[in-house]
Amino acid sequence: MNKHYASAIIAFLVWGFFPLVLRTVGTHPAGEILYFRILFSLFILIIILAAFMRKKTRENIVLFKSLDAKAKRSVIVLTLVGGALLTVNWLVFIYVVNAVNVKTASFSYLICPVVTAGLGYVLLREKLLTIQWFSILLCAVSCVLMGIGNIQELWYSLLIAFSYALYLISQRKNQGFNRLIVLAVQVAFAFLLMNLFFSQLVGSVAVDYSFFGIVFCIALFFTVLPLFLNLYALNKIDAATIGILMYINPLINFTLAFLVLHETASLTQQVGYGIIAIALILFNIPIMKRKMLA
């Protein structure tokens, strides 16, 4: 296994155990956790850019200035929309893990690749094979079954899945710039949004050094580090492979939900999980065939 594959696997392993760490600050509001996660992440990213990526940052600024007005507007809109989508995704995920359950958050990332493919067809006119359309249909059936047990949980799952899928699609169109620099701009914009809605999302903040310490670890080890590893892996590993490795994250989440946190699933939900498992296998068959023939 080369270092790029190892980087991708480590990133998704780290994200897989994220709910356990989030639960340690579960008594705090989701908005408060997110506010300081974004603040500390921005601080860490600024240090990385200033210490190790000054040349690359200058090159990206020159590249941006060289674009015509229309291209500049496109880059700005896609970058800021991406920042807003990340904010929504992170906020809802934190809330669901701490106030609802881990299995709901996990389900959202199981269906996310299929949702991304469907939105990619609608928004980017990306082609899908018949077997992948069948997978999307099975995914829809699975969502219906999950909604029978608890429609609120389904809506949370869909909100997480669609916000992240739209983020991925928006960034596919936002090409040519260093991903870590773009991420830093998006996190800065997310911090601005959090300050605009500070009273609604955060409110008063009590001084709790253990809370700040845990959220700083979340920013470093569960935000910036895995994102950096993921971006590093993408330098040598194609997106299709990353998409398959991505399933490590929700599978670990499910294991934690049922074996560690002792969450339960109704018979209908279990059938839904089974159908989504079949859908994911079918959806990835063409990808695996292409890789074997490559």
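Where a number appears in this text, it was derived from the coordinates with a stated rule and is not lab data. This structure is a prediction, so every number in the text was calculated from the model and none was measured. We place every Cβ from the backbone using ideal geometry, glycine too, and count neighbours over all the protein chains shown.
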For the pairs Lys3/Lys291; Lys55/Lys173; Lys72/Lys289; Lys65/Lys291; Lys55/Lys291, flag any whose C-alpha to C-alpha distance is greater than 29 Å. Lys72/Lys289; Lys65/Lys291; Lys55/Lys291
If you average the sequence gap of Cα pairs under 8 Å that are 6 or more apart and divide by the length of region 3-293, what percent do you get for the contact order? 43
Convex hull of Cα atoms in the chain, direction-averaged projection (nm²): 16.6
Which log10 I(q)/I(0) values does region 19-135 give at q = 0.11 Å⁻¹ under the Debye formula, counting every alpha carbon as one identical point scatterer? -0.62
Burial order of peptide ranges 54-64, 267-277, 87-97, 152-162 (average beta-carbon count within 10 Å, highest first): 87-97, 152-162, 267-277, 54-64
Run the reach check for Lys103 against aspartates and glutamates, Cα to Cα strictly under 18 Å, same-chain hits fewer than 8 apart removed. What comes back? Glu153, Glu263
Relative pair counts by distance (%), Cα atoms of region 109-242, 10 Å bins: 9, 28, 33, 24, 5, 0
